[in-house]
Amino acid sequence: MRIGNVKINILKQMLVLSMIILAFGFTSKAAGVSDYGALKVSGRYLTSSKTGDKVILRGVSTHGINWDVGYPYISKDAFSTLKDEYAVNAIRLAMYTTEYFGYCDKAGAGESQESVRSTLKERIDNGVKAATELDMYVIIDWHVLNDQNPNKYKKEAKAFFKEISEKYASYDNVLYEICNEPNGGTSWSDISKYANEVIPVIRKNDSDAVIIVGTPTWSQDVDIAAESPLAFDNIMYTLHFYAATHKDNYRDKLKKALDKELPVMVTEYGLSEASGNGNIDTSEGAKWLDLLDANSISYFAWSLSNKDESSALLKAGSSKKSGWSEGDLSKAGKWVFLQYKKRAGVTNVDTLRKVIGLKLKNVKGKKIRVKWSAVSGADGYQIVYSTNSKFKKSKKKQVTSTAVKLSKLKKKKTYYVKLRAYKNAGAGKKFGKYSAVKKIKIKK
Ligand code: IDC
């Protein structure tokens, strides 16, 4: 039937179009929960239970959700900016167990411990719901740090994870991180004891959720965990790095763990020093992300915050709580999000689109006026013109505006004009494609 054929043709065209979009990556979003479904650990990889493909989460961690440099960014608006503009497909909610307003030790905060807890759980709930509505994955992080040994608050941890795994059992996008960074001499066997009690509590409610376990020495010793991994399925082990401090030696630890097929997730990293401040090292950062991507390991940048420290992804003191454009990002934020877009292949950030809307007009005095439409991301434009249609003996001119007057032209001659956008790249320039050629005869 005709109508049927027409429909099929339209469907075919849509299919071809979506294949082109996929191939060239001109979509603006990273793949999400509706693409992958629940996550599953298979061998040393995080995979999709839906397609079986390996999955890389490119995420952002909040700062501590107990502080005003952290929790105000838990919102649908903030997360959707991260997703739509910066190719982020996962969020980590970092809930400190100690320090001011901490879940287990509120450290002098002027509220009861019970009320601190209910506030923190409310924030987690807001975060989980926002991520869920946006098709994003979300990690609930029991942020052990000053408390050093997760066994210190094991009872609280079990009660907490019992409650939240019950609440989010049906959420395919929720992952549980049971101890951020054991430290202060906490051994892998200490951590294993803790994990062997906490994991079954979660499993009872949420039998197949991915659970992430911290490793000794601020989650650096994945090589040690690899020697005696836990006896559960769907477990990943944490590696954290701060690129200006942790370099080759730490990457070697990762390689050792991978040689033993340990499933690793980088639930926190920074370009800064381990303090969260100081130098930013993007070249070490690139080495790390290359290694992680090559091994399909997920990573989460610390932190979505405007705190005045170099690991923060937003400009220090910036007041916007969502809708950040590049100018609102810190040096680290700019770098991290550019990497995410490139690495997720969601936007071909290196390619400038070709110039369109080129218009030529005679101007008195053997001149022409050239105008065109702006290309997003361009730093300027290069105009090429010649009396030869093949652009032999052409002249070139570079401008940063979207209009220019060309002068000293020859009367009665026909000129051919084309132009392309460019981006400054180090010492040189990166050019987009040329516009269509337009011609004009010089009259006056
Ligand atoms: C840092 C924050 C900083 C805060 C400090 C103590 O960036 O503003 O004052 O914690 O609460 C980690 C931890 C993470 C640290 C981060 C940077 O998981 O909580 O955040 N870091 O020091 N491990 C290595 C580095």
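The numbers here are math on the coordinates, done by the rules we state, and not lab data. For clarity, every value in this text was computed on a predicted model and none was experimentally measured. Counting neighbours? That spans all protein chains shown, and the Cβs are built from the backbone with ideal geometry, glycine included.
Normalised by residue number, the volume inside the convex hull of the Cα atoms of the chain is 194 Å³ per residue.
Contact order, relative form, for segment 302-444: 21 percent (alpha carbon pairs under 8 Å, 6 or more residues apart, mean separation divided by residue count). Report the local net charge at residue 328: Lys and Arg +1, Asp and Glu -1, summed over other residues whose C-beta lies under 9 Å from its C-beta. Around residue 328, the charge tally is +1. Computed over the chain with a Gaussian network model linking Cα atoms closer than 10 Å, the most mobile of 182, 229, 263 is 229.
Around the amide H of residue 61, modelled in the peptide plane, lie the amide H atoms of 92, 301, 302, 304, all under 5 Å away and 5 or more residues distant in sequence or on another chain. Eigen-decomposition of the gyration tensor built on the alpha-carbon atoms of segment 31-104 gives equivalent ellipsoid semi-axes of 28, 17, 8 angstrom, largest listed first.
If segment 287-382 were replaced by its equivalent ellipsoid, with semi-axes equal to the square roots of 5 times the Cα gyration tensor eigenvalues, what would those be, largest first, whole Å?
39, 20, 10
Applying both filters, DSSP loop and at most 12 other Cβ atoms within 10 Å, to the trypsin sites (Lys or Arg not before Pro) of segment 303-397 gives 364, 390, 392, 393. Averaging the sequence gap over all C-alpha pairs within less than 8 Å and six or more residues apart, then dividing by the number of residues, gives segment 19-156 a relative contact order of 23 percent.
Lysine pair count for segment 191-283 (Cα-Cα distance under 29 Å; residues 8 or more apart in sequence or on different chains): 9. For residue 202, neighbours were defined as the other residues whose beta-carbon sits under 13 Å from its Cβ, and their charges (Lys and Arg +1, Asp and Glu -1) total -2.
When Lys and Arg each count +1 and Asp and Glu each count -1, what net charge do the other residues less than 14 Å away from residue 162, Cβ to Cβ, add up to?
Values: positive: 117, 121, 154, 155, 158, 167, 203, 204; negative: 156, 163, 166, 197, 206.
Once all neighbours under 14 Å are counted, the net charge is +3.
Within the chain, helices built from complete DSSP H runs that reach 27 Å or longer along their own axis (Cα positions) and carry a mean Kyte-Doolittle hydropathy of -0.5 or higher are 2-24. Partner lysines whose Cα lies under 17 Å from the Cα of residue 315, excluding those fewer than 8 positions away in the same chain, are identified as 307, 331, 334.
When the alpha-carbon atoms of segment 331-426 are used, the pair Rg, Dmax equals 17.1, 55 angstrom. Across the chain, Cα pairs under 8 Å and at least six residues apart give a relative contact order of 13 percent. Here the chain is assigned +1 on the Cβ of each Lys and Arg and -1 on the Cβ of each Asp and Glu. Its dipole about the Cα centre then comes out at about 6980 debye. Over all projection directions, the Cα-based convex hull of segment 203-311 averages an area of 7.5 nm². Within straight-line reach of residue 152, meaning a Cα separation under 18 Å, sit the following aspartates and glutamates at least 8 residues removed in sequence or on another chain: 99, 105, 141, 177, 181, 190, 197.
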